[in-house]
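J.: Let me begin by handing over the structure; questions about it come next.
The values are calculated or read from the model by the stated rules, or taken from the named source; none is laboratory data. Predicted model, so just to flag it, every value in this text is computed and none were measured. Using ideal geometry, Cβ is built from the backbone for each residue, glycine included, and neighbour counts are taken over all protein chains shown. The protein model used for the area step is the full one, side chains on, heavy atoms only, and it has no ligands, DNA or RNA in it. Shrake-Rupley method; radii C 1.70, N 1.55, O 1.52, S 1.80 Å.
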Amino acid sequence: MPKKKRPIPLAPPQMKSRKKARKVTSTFHKLTQQLDQARRNNDQEAVDKIEKEIEQMGGREEYQRASQLSTKYHSTSKWVLKVLGQKGWTNGILLEHDNDSDIKGKKKDISSVTTEMRRPTFILEIGAINTELIDASKKTKRVKVKKHDPVSVSVSVSSQTSSTCVDEADYRIVPVYNIKVKAIDLHSSHPDIEEIDFLQMDMDVDVKNKTEKGTFDVIVCSMVLNCVTTAENRGIMLSLIYKQLRPGGLCFLTIPRLCINQSKYINRKVFEEMLTNALGFTIEQTKETPKVAFWILKRPSEVEERGGQHVIEWNMEWETTRIL
């Protein structure tokens, strides 16, 4: 009896080798930087050659599959939600205090604060390759409605309980997290991820003070800065992250350790000096794994910004140093 033929998959199989994933991502970054340089030089022959090499390696689709494998070993969304949960921001932002609380401050008793006193925490994910944060924003849970709860009942289970039950309880469906997520990428891999160039995003401007007041409480920029092909645009991206954050907002930034530990142009000390003294961030937390460097950066609150804590003498080294 002849063997049955295996069905042809509708989509390429998932990448399983971490070694292959690292090779794909590093090759893709190298080729895209060369492609950008060739375009700036108007070298069409080089452009055609590099585009062919990118196509032969599987193109952006192969790169995205490699990136998805890497996220399995460190989930950025879990890291972000854990920190925001510790800060109380997964329940939303307190309307009267907004973002001025410090991540390193004392833990507040937020159990007595109702969601009516809070607004959603607005999150922007740059270069999203999955929908984990979006899925978290849609996650719901069923909670018991107290007898004096004025909220209308959306789900009733009393009809589903057996007649032997002593208490009949009513339930309603509520979100697990009081967050709103906007996920963007240059080339979307999912309908929920918007195809937007972060460098071209509109800026929310305070007309009275003529300053960028920011739209987001949280910006996630994980393994994206190193994908930007020019040093100038990498600097612009960091500056725009600061401006797109609300005062007191947080940026979750990750880059490969190689970018600062083995760079010809920059080291950790200079990079962090540029983040703080040049751009105005404060560094709330930092850590490293063998492959990745992590930062939680904060845009100072309006009170701190008005105090001018970050207005210092400009260092020309920042002007001439290539970021990564």
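J.: Using per-residue counts of other Cβ atoms within 10 Å, averaged over each peptide, order 139-146, 279-286, 235-242, 86-93 from highest down.
T.: 86-93, 235-242, 279-286, 139-146
J.: Largest first, how would Leu95, Leu35, Leu199 line up by accessible area (1.4 Å probe)? List each step's numbers first, then the result.
T.: Working: Leu95 100, Leu35 15, Leu199 45 Å².
Final ranking, largest accessible area leading: Leu95, Leu199, Leu35.
J.: Any chance you could look up the accessible area of Ile126 with a 1.4 Å probe, heavy atoms only, rounded to 10 Å²?
T.: The accessible area comes out at roughly 10 Å².
J.: Once label points are set 7 Å from the Cα along Cα→Cβ at both Met117 and Leu258, what is their separation, rounded to one decimal in nm?
T.: For Met117 paired with Leu258, the spin-label model returns 5.0 nm.
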